[in-house]
Amino acid sequence: MRQKKVTYFTEKEAEFVNLLIDVGINKNVAKVLVFLANTAEATSREIEHGTDLRQPEVSIALRLLLEQNWIRCSKSKAEGIGRPVKIYELARSIHEIMDCIETKKKIEVSKNLAVIQKIREYG
């Protein structure tokens, strides 16, 4: 039988995921982001195992993170024959990503407060 190393989130990493979810980040995106923040680089298969997500969930989360320019993807030649393997890593530091999230949330709050003010004017 083949031995396989399984990685689990630490309590601190799980708390980080939950905090990201609390501020409105999709659960799967939060898991992938925290995983990559604690790994130099990883394949989608490694991300699947490390986050306990299924392949389609990882693919969607990676696509969303790529659209935000928070991660980058490079291709590595496959061992033997087959497709090249995509390797993912953070394109920005986790602090820069948190700054982006904070800015987006401030804009959302400002828009919501402006709408509330308009509603008050009708009353």
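Every residue, every condition in (1) assigned to a strand (DSSP E or B); (2) touching a Lys or Arg at 6+ places or on another chain (Cβ under 7 Å); (3) among the charged types (D, E, K, R); (4) more than 17 Å from VAL34 (Cβ to Cβ), yes or no:
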site	(1), (2), (3), (4)
LEU66	no, no, no, no
ARG83	no, no, yes, yes
GLU96	no, no, yes, no
THR103	no, no, no, yes
ILE107	no, no, no, yes
LYS111	no, no, yes, yes
ALA114	no, no, no, yes
GLN117	no, no, no, yes
Among the numbered conditions (1) at pLDDT 95 or above; (2) touching a helix residue (DSSP H, G or I) at 6+ places or on another chain (Cβ under 9 Å), tell me where PRO56 comes up short.
(2)
I'd like to check something: does region 72-80 contain any residue that is surrounded by 12 or more Cβ atoms within 10 Å (Cβ to Cβ) and touching a residue at least 12 places away in the same chain (Cβ under 8 Å)?
yes
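Each row is one residue, and each column tells you yes or no for (1) buried (at least 16 other Cβ atoms within 10 Å of the Cβ); (2) charged (D, E, K, R); (3) without any contact (Cβ under 8 Å) to a residue 24 or more places away in the chain; (4) out of contact with any Asp or Glu (no Cβ under 6 Å at 6 or more places or on another chain).
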{"position": "ASN28", "(1), (2), (3), (4)": "yes, no, no, no"}
{"position": "ALA40", "(1), (2), (3), (4)": "no, no, no, yes"}
{"position": "GLU67", "(1), (2), (3), (4)": "no, yes, yes, yes"}
{"position": "ARG83", "(1), (2), (3), (4)": "no, yes, yes, yes"}
{"position": "LEU90", "(1), (2), (3), (4)": "yes, no, no, yes"}
Provide a single number: the residues in region 76-107 that are among the acidic types (Asp, Glu) and more than 20 Å from the chain's Cα centre (by Cα).
1
Can you confirm whether THR51 is hydroxyl-bearing (Ser, Thr, Tyr) and under 15 Å from the mean Cα position of the chain (by Cα)?
yes
Is one or more of the residues making up region 27-37 closer than 20 Å to ASN69 by Cβ, assigned to a helix (DSSP H, G or I) and in contact with a strand residue (DSSP E or B) (Cβ under 6 Å, 6 or more places away or on another chain)?
yes
The lone exception for LYS75 - which of (1) over 14 Å from VAL29 (Cβ atoms); (2) at pLDDT 95 or above; (3) of a type outside the set (S, T, N, Q) it fails:
(2)
For ASP22, the lone unmet condition from (1) of a type in the set (Asp, Glu); (2) loosely packed, with under 15 Cβ neighbours inside 10 Å; (3) closer than 18 Å to ILE87 by Cβ is (3)
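The values are calculated or read from the model by the stated rules, or taken from the named source; none is laboratory data. What you see is a predicted model, and the numbers here were worked out from it, not measured in a lab. Reconstructed Cβ throughout: ideal geometry from the backbone, glycine too, with neighbour counts over all protein chains shown.
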